[in-house]
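The values are calculated or read from the model by the stated rules, or taken from the named source; none is laboratory data. Note that the coordinates shown come from a computational prediction; the quantities given were computed from them, not determined experimentally. All Cβ positions, glycine included, derive from the backbone under ideal geometry; neighbour counts span all protein chains shown. When the accessible area is computed, the model is the full protein with side chains, heavy atoms only, and any ligands, DNA or RNA have been set aside. Shrake-Rupley method; radii C 1.70, N 1.55, O 1.52, S 1.80 Å.
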Amino acid sequence: MKKQTKLMLNLLLAGLAIALLVTVDMTTKSTSMLRTVLQMGSIYALVAVSMNLLNGFTGLFSLGQAGFMAVGAYTFAIITIPVNAKGGVYYLYGVNDAIKNIALPVIPAMIIAGMVAALFAFLIGAPVLKLKSDYFAIATMGFSEIVRMLIASSGLVTITNGSFGLKKIPGFTSFYSPFIVSAVCIGLIVLIINSSYGRAFKAIREDEIAAEAMGINLARTKILAFVISSFFAGIGGALLAQYLGAITSTTFPVKLTYDILLIVVIGGMGSVTGSIISSFLVIASKEWWLRFLDQEHYIGSFRVPLLKSGFRMVVFSVVLMVVVLFFRRGIMGNNEFSWDRIAARFAGRKKTSETEAESK
Amino acid sequence: MSLTTFLQHCLTGISIGSIYALIAIGYTMVYGILRLINFAHGDIFMMAAYFMIFAMVDFMIPWYISFIIVIAGTILLGITIERIAYAPLRSSPRMSIMISAIGVSYFLQNLATYLFSALPKSYPSIPFLNNTIKLGEVSTSLVTFITPVLTVGLVFVLIFLINHTKIGMAMRAVSRDFETSKLMGIKIDRVISITFAIGCFLAAVGSVLYFTPRPSVYPLAGSLPGLKCFIAAVFGGIGSIPGAVVGGFIIGLSETFIKAMGYSEYSDVFTFILLIAVLLFRPTGLFGEKTEEKV
């Protein structure tokens, strides 16, 4: 397929996505489920892609994503809650003088949130990245839990408001903001993945020792991947804070990391488009399409068995286990969405797509 | 701190530490053989507590029969999980098995929420275990006293099993070299099932001892103790049973004393910092073996 046609098709796809968003914005009420799912989907897409950068592309199995999101979300909340609302938020313990008069606009605040998360990643990265696969996973998970406990602890009460959490966080200015932020951030991540840094990440994933022999500075490259991933996780956390409007330390449990990890796995480790597609799918089915499983249903006078509160999550986790066990490559494997493949499929030349996949 | 309160805290610490030790052994044995962090172990521990409630409250079965039912149920659960979720992935990369373990943990938590609701359920009290006894100045409930004794007994039995029986020899062989022991005619699947059975048996015993002095069980009750016990296993050197026991005791004692000094909200933070510190300065733990990476 020619490059020009591909460009046209890509533009067409982007145009369609924008048109879809505009239609949704025009036609649905502000409480509509579709809006919720799309907004949350875009936030999760960003976080999932940032986790994929680390787990799928660099081969570092991190379980600290919720911790970095918490750092981002809290930083964002602390520096954006309007000055006159601060008294109400911190009514119980009082506000720390250092943050009393700070209320930044949203965009710089989000960048700062990302930077603070990245700083944390940089500080713990140097020691923690020395550990091997599963020890690294446990250490990052430990970090995430420490962050969560410290946020709720009494030592930081004038900054984080302890276990009461923060509220009155400014929300999205328009329906489109989470989409724009996510799209820009994911675009940046894709640029990084396609750069020479991205190739270094993939080399480390395939074989650390060989990568080192080829002249890649292991320690530096790993830290870079960790810091970049945490930066975007921090921004994702900030988006989540805006979306929710109120956060506590229990908003970011280990389970949140698991949720994101499972989105990444369903989408395919090492596929950005896979992560994006699967986060929309997972969020839509979790929050919307499978909701009916939580209510009791009657057909005539016959009560449909099994359906009661909580069944949705059981079904959901069974689906996840099936994906993990039988469709290990997820939706996209480690391929990206490409027009060539679709064209090949339509032309019935399945063979070419297979040989192409092998040559990749 | 007077001597009596000091002894009191010591006893509490040793008691909770020995429960951690029991669960940590489950982590360490599975890791030793499969090189897998069994993220679901804490949730198996939680399910064992629900089995007890189920047997004693819903079916009114006396405690000694319930106890056997709980152990049997937990072992069955553990072996089923291994067969369904871990066995098919034996030859795939370690990351896949770990993700599968996380999936199982996620599934068990959701299943427990569905079956038993997210609200805490009160744990049945076993009459004689809650009796108060006096040891000199120190008064405590019987369960606090029995726990360490039972743990030490079980650990000795386990060490004997591993060092002096045929199945123990097979376990040691499998943990040393998976492929070679397969070639030597060891039935790997059987060894792994028995390992899971032992781990789950200890988790079931630990669960009864852990929840008896505590008021209630809820679906996430297993995740934090599970993590702490994993830390205990790492601290002692993963793969080593004495290491897991020592790690459990150290974490139990330090946690109790931090709480006693009035910093209870930091006790878990301390445990996690301990984990990261151990991983940084001695990644193989106190008793762990060094492994070298080959190209």
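Remark: pairs (first residue in the range A:318-346, more than 27 Å from residue A:259 (Cα to Cα); second residue assigned to a helix (DSSP H, G or I); Cβ separation under 6 Å; 6+ apart in sequence or on different chains) = A:339/A:6; A:339/A:9; A:341/A:353; A:344/A:352; A:344/A:353. Among the residues of the range B:11-21, those that are surrounded by fewer than 24 Cβ atoms within 10 Å (Cβ to Cβ) and of a type in the set (A, V, I, L, M) comprise B:11, B:14. Only one entry in B:102, B:126, B:133 is within 14 Å of chain A (Cβ to nearest Cβ) and either among the hydrophobic types (A, V, I, L, M, F, W, C) or surrounded by fewer than 18 Cβ atoms within 10 Å (Cβ to Cβ) (or both), namely B:102.
When residue A:152 is tested against (1) out of contact with any helix residue (DSSP H, G or I) (no Cβ under 6 Å at 6 or more places or on another chain); (2) touching a residue at least 60 places away in the same chain (Cβ under 8 Å); (3) within 14 Å of chain B (Cβ to nearest Cβ); (4) not charged (D, E, K, R), just one condition goes unmet, and that condition is (1). Looking across the range B:142-169, the residues that are over 22 Å from the mean Cα position of the chain (by Cα) and surrounded by 11 or more Cβ atoms within 10 Å (Cβ to Cβ) come down to B:165, B:169.
Meeting the requirement of 2 or more residues that are within 12 Å of chain A (Cβ to nearest Cβ), the helices (runs of 4 or more DSSP H) wholly within the range B:196-295 are B:223-236, B:267-281. The set of residues in the range A:96-107 being within 19 Å of residue A:155 (Cα to Cα) and open to solvent by 70 Å² or more (accessible area, probe 1.4 Å) consists of A:97, A:98, A:100. Candidates B:49, B:40, B:24, B:85: the one that is open to solvent by less than 10 Å² (accessible area, probe 1.4 Å), touching a strand residue (DSSP E or B) at 6+ places or on another chain (Cβ under 7 Å), in contact (Cβ under 8 Å) with a residue 12 or more places away in the chain and within 30 Å of residue A:135 (Cβ to Cβ) is B:49. Taking the conditions (1) among the hydrophobic types (A, V, I, L, M, F, W, C); (2) within 8 Å of another protein chain (Cβ to nearest Cβ); (3) within 15 Å of residue B:54 (Cα to Cα) in turn, residue B:89 satisfies each one other than (3).
Tell me, yes or no, whether the range A:279-301 has at least one residue that is out of contact with any strand residue (DSSP E or B) (no Cβ under 6 Å at 6 or more places or on another chain), of a type in the set (Gly, Ala, Ser), within 14 Å of chain B (Cβ to nearest Cβ) and not in a helix (DSSP H, G or I). Scanning the range A:279-301, I find no residue that is out of contact with any strand residue (DSSP E or B) (no Cβ under 6 Å at 6 or more places or on another chain), of a type in the set (Gly, Ala, Ser), within 14 Å of chain B (Cβ to nearest Cβ) and not in a helix (DSSP H, G or I), so the answer is no. Can we say residue A:28 is free of Cβ contacts under 8 Å to residues at least 24 places away in the same chain and in contact with a helix residue (DSSP H, G or I) (Cβ under 6 Å, 6 or more places away or on another chain)? So residue A:28 passes the test.
Residue-wise test of (1) touching a residue at least 60 places away in the same chain (Cβ under 8 Å); (2) surrounded by 15 or more Cβ atoms within 10 Å (Cβ to Cβ); (3) touching a helix residue (DSSP H, G or I) at 6+ places or on another chain (Cβ under 9 Å).
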| position | (1), (2), (3) |
| --- | --- |
| A:161 | yes, yes, yes |
| A:189 | yes, yes, yes |
| A:196 | no, no, no |
| A:214 | no, no, yes |
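Looking only at the range A:317-335, residues that are at pLDDT below 80 and charged (D, E, K, R) come to 1 in all. The listed residues are B:265, B:293, and the only one of them that is more than 20 Å from the chain's Cα centre (by Cα), at pLDDT below 85 and within 20 Å of residue A:130 (Cα to Cα) turns out to be B:293. Considering the conditions (1) at pLDDT 90 or above; (2) open to solvent by less than 40 Å² (accessible area, probe 1.4 Å); (3) farther than 25 Å from residue A:128 by Cα, residue A:277 is excluded by exactly one of them, (2).
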